[in-house]
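The values are calculated or read from the model by the stated rules, or taken from the named source; none is laboratory data. Model, not experiment: these values are computed from the prediction. Methodologically, a virtual Cβ is constructed for each residue, glycine included, from the backbone with ideal geometry; neighbour enumeration extends over all protein chains shown. When the accessible area is computed, the model is the full protein with side chains, heavy atoms only, and any ligands, DNA or RNA have been set aside. Shrake-Rupley method; radii C 1.70, N 1.55, O 1.52, S 1.80 Å.
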Amino acid sequence: MFIGLSKCKKNRYFLGICRKAKTMSKVVTRIAPSPTGDMHIGTARTALFNWLYARGRHGKFLLRIEDTDKGRSTQAAKDAILTGMAWLGLDFDGDPISQSERAPRHIEIAYKLLETGQAYKCFLSEYEINELRSLAIKNKSAAAFRSPWREAPPSTFPNKPFVIRIKAPQSGATIINDEVQGNISIQNNQLDDMVLLRSDGTPVYMLAVAVDDHDMGVTHIIRGDDHLNNAARQNLIYSALNWNIPVYAHIPLIHGEDGKKLSKRNLATSVIEYKKMGYPASAMRNYLARLGWSHGDDEFFTDEQAKKWFDLQHIGKSPSRFDFKKLSNISKLHIANTDNAALLHELIEYLNVVDHPRLAQNHLNGLLRSLDFTKSSVKSFPELIEKNSFILKDRPITIDPDVREKIEEFPLKTLKILTPQLQNVKWDRSELEELLNSVCEQVELKFRTVAPILRAALAGSSKTPSVFDMMTVLGREETIERLIEFEVKYNKEI
Ligand code: GLU
């Protein structure tokens, strides 16, 4: 049954005190994904919010895999969650907790509620439940479901299978103090006597979540607002057991670039697809943090800043729209600001995930030297690879078809004059620049006429870093070899 929600302004002062008391204890947050497919981008953002909130407060961040739905949970999906978390650098405390393995504890709690009279055995058959529901519809009754077995004495119990239902309060209201959505009050007569334990003895999801969150000591539940209705039901369980109710923050969902609800059609929904697109994890963390939360006008920030700044007050109330342009801009800044060794490490991981052949050691060494010149102008790893393709090529250098035309009109004597002089010049950017300018003067050509040919000779392409940067990275020997090879080849062809 759908639970109607209405905003409640009462009890603000009292609730404020409660919240303050709670936030003083050590913060424990969690991400509780259901392993039913790839790790979703929304799950990644929720995990990130929980991680930032806990890590910024010296708290704990836990992972619980909600694998009670045996039909839909798969090992591949569990692995995808772990891989996604690892890629995003969202480290969690302790081992992942499997919800299904905790079933005995969920059952124990259902029986505890039965013992204390907060729950009851219900012997209604499926048919009888449907009859009661039809009757309620016929009578236009909006009241929540109450079983006739609710107050039945044990002496009347038949020898039949039963479910255990919670005894929802008949009057009053259940209040959710939500840090994002505000205070929400649900009349208790709108809350069903929900089933806790099915007739086959298995616990329901709602019970499992409440028990697990309590046992894990979770103080703050930050999750998608599609779970807001569940909070009321979970609160019933907390209250029946006299447990502390956690602080809630139900965050609006992510929408696609078209402003519509997220689907595979309007956005890549799986986290790993972003890794395959070549965005660094730090950029994803930064971008996802901004997706629904803000710190003034700050768009680009480090993990340390995000941990310090992240709060629940600045989570927006409306759905956030995914914006690839923003992600790309943030990614560019992260690539430019990452130190070379770490960047190379992440680049290798990217190449692995897109099944790129392993790079030879000389290519890795070249890349490392080249990053200083190439990392500041690219938005993703594929662009970084393209920029560095000159270093990843071995001789003979293949020439892109679009640069061949220019070669045919070029006086190769320029190279004949230049190459021998490269033997003796000091191998440094300004000396190389000086030498090239003087050769250009000698052959009466502008550098901009010579540069494309040097690009072609050194990289086989027109999209390269500057000629001087390439020479610096390639070194004297390789530069000269490439120029000679080019000269010999085109001397013959032209
Ligand atoms: N397992 C739920 C999901 O994957 C999350 C439940 C919760 O956070 O309470 O959407």
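General observations
- nm² value of the averaged projected area, convex hull over the Cα atoms of region 234-333: 8.4 nm²
- Working note: Karplus 6.51/-1.76/1.60 with θ = phi - 60° gives region 218-226 the couplings 5, 9, 10, 9, 10, 7, x, 6, 6 Hz, where Gly and Pro are set to x.
- Residue-wise HN-Hα coupling along region 304-309, computed from phi with Karplus coefficients 6.51, -1.76, 1.60 (Hz; x: Gly, Pro): 4, 5, 4, 5, 5, 8
- Positive-pole candidate from PRO465, HIS250, ASN188, dipole of the chain, charges at beta carbon: ASN188
- Given charges at Cβ of Lys, Arg, Asp, Glu: region 261-358 dipole, positive-most of ILE272, PRO319, LEU351: PRO319
- Beyond 26 Å in Cα-Cα separation lie the following of the pairs LYS276/LYS317; LYS446/LYS489; LYS307/LYS332; LYS260/LYS375; LYS379/LYS463; LYS332/LYS406: LYS276/LYS317; LYS260/LYS375; LYS332/LYS406.
- The mean accessible area for residues of region 339-451, using a 1.4 Å probe and ignoring ligands and nucleic acids, is 58 Å² per residue.
- Long-range amide H partners of ARG30 with built H, under 5 Å: LEU62, ILE222
- Check: region 324-390 dipole with +1 on Lys, Arg Cβ and -1 on Asp, Glu Cβ, in debye: 240 debye
- Ordering of 224-230, 128-134 by burial proxy (mean other Cβ atoms within 10 Å per residue, highest first): 224-230, 128-134
- For TYR279, the residues whose modelled amide H falls within less than 5 Å of its own, excluding neighbours fewer than 5 places apart on the same chain, are PHE381.
- Listed by chain and number, the lysines placed with their C-alpha closer than 24 angstrom to that of LYS160 are LYS112, LYS121; residues fewer than eight positions away on the same chain are left out.
- Whole-number percent relative contact order across the chain, with pairs defined as alpha carbons under 8 Å at least 6 apart: 13 percent
- Rounded to whole Hz, the Karplus (6.51, -1.76, 1.60) HN-Hα couplings of region 49-62, x for glycine and proline: 4, 5, 5, 4, 4, 6, 5, x, 10, 6, x, 10, 10, 10
- Summing Cβ point charges (Lys, Arg +1; Asp, Glu -1) relative to the Cα centre of region 32-183 gives a dipole of roughly 520 debye.
- Whichever aspartates and glutamates have a C-alpha closer than 20 Å to that of LYS78, once near sequence neighbours (fewer than 8 apart) are set aside: ASP38, GLU66, ASP67, ASP69, ASP91, ASP93, ASP95, GLU101, ASP212, ASP213, GLU273
- Under 5 Å, built H, 5+ apart or other chain: amide partners of VAL180: HIS250
- For peptides 298-308, 385-395, sequence by mean Cβ density within 10 Å, most packed first: 385-395, 298-308
- Solvent-accessible area, 1.4 Å probe, carbon plus sulfur percent, for the chain: 51 percent
- Each Lys and Arg adds +1 at its Cβ and each Asp and Glu adds -1 at its Cβ; summed about the Cα centre, region 195-309 shows a dipole of about 300 debye.
- Alpha-carbon centroids, region 228-250 and region 437-477: separation in whole Å: 68 Å
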